[in-house]
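Have a look at the structure below, then the notes.
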Amino acid sequence: MALASVCGTTEFAPRISTVATRGSALEHGENFEPEYYDVPKFLVPPISDPAEYLKQFQDEKSDVKIRFHHGTTTLAFKFQHGVVVAVDSRATAGPYIASQTVKKVIEINPYLLGTMAGGAADCSFWERVLAQQCRVYELRNKERISVAAASKLLANMVYNYKGMGLSMGTMICGWDKRGPGLYYVDSDGTRLTNNMFSVGSGSTYAYGVLDSGYKYDLSVEDALALGERAIYHATHRDAYSGGVVNLYHMKETGWVKISQNDVRDLHYKFQEEKEKQ
């Protein structure tokens, strides 16, 4: 781990309480002490309060920094036919464009999707751990985990590392017996639910498009077009977003990947539509 070279470390991990052996406590957000799960443990400073100790490395004046510059645009919204998920594919490290082909939608299982904003490694790792825990839940309880429970699992896991340098802002989207579900979870353990979220440096631009066109009773075609257009406009104005627009539709039968369109092609497409008006 990068922090190991910054400060001498020994193998130590905070107390992990993430997974319930029965679904009821998890569904209602109650406190519980689960059976032992093989949750990954990380190297952290061998002191009583690692989060307080690591604050010095998040200071702009520090020679060693763990607060990295990053940017992206991801969005998801619920409507009458499910959930639309749209993301860009650019990975940046400050002004440097590291990749144009990052897959920012993580396919947790056939009925759950997660998005990636913040640190790519953090989002990718923890959502794969979530996929493992969701599968264990399904095997033990003989039913699929709900979207609410899956988001609660993720929030509980990352909360144990609050203040230690994780960078993650993700949306957990899915369909369960309650219908479509959408939750926002970040690396501080914050967990919110709403009909619409956008996360990343380009989210303000995406919200502008979403707010002007969003209605719960949108048709499938209009909802998909709105998600794609919102990401395109964000990539046009935000230098940290770009690449291609990956578009997913979460339905009762599971998620479907709808399209993957280059933002350059979308630019000329929308320009032609604008000139015809």
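Key figures for this structure:
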| item | result |
| --- | --- |
| Counted residues, the range 129-147 - those being within 19 Å of residue 188 (Cβ to Cβ) and surrounded by fewer than 20 Cβ atoms within 10 Å (Cβ to Cβ) | 1 |
| Any hit, the range 118-128, residues being modelled with pLDDT of 95 or more, open to solvent by 30 Å² or more (accessible area, probe 1.4 Å) and either outside any strand (DSSP E or B) or of a type in the set (A, V, I, L, M, F, W, C) (or both) | no |
| Subset of the range 63-93 (residues that are assigned to a strand (DSSP E or B) and at pLDDT 95 or above) | 74, 75, 76, 77, 78, 79, 82, 83, 84, 85, 86, 87 |
| Verdict on residue 94 being closer than 30 Å to residue 226 by Cβ, open to solvent by less than 80 Å² (accessible area, probe 1.4 Å) and of a type outside the set (D, E, K, R) | no |
| The range 147-178: number of residues that are touching a residue at least 60 places away in the same chain (Cβ under 8 Å), more than 17 Å from the chain's Cα centre (by Cα) and closer than 28 Å to residue 211 by Cα | 1 |
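The values are calculated or read from the model by the stated rules, or taken from the named source; none is laboratory data. Remember, predicted model here, so these are calculated numbers, not experimental data. Backbone-built Cβ (ideal geometry, glycine too); neighbour counts: all protein chains shown. The area values use the complete protein model at the heavy-atom level, side chains included, leaving out ligands, DNA and RNA. Shrake-Rupley method; radii C 1.70, N 1.55, O 1.52, S 1.80 Å.
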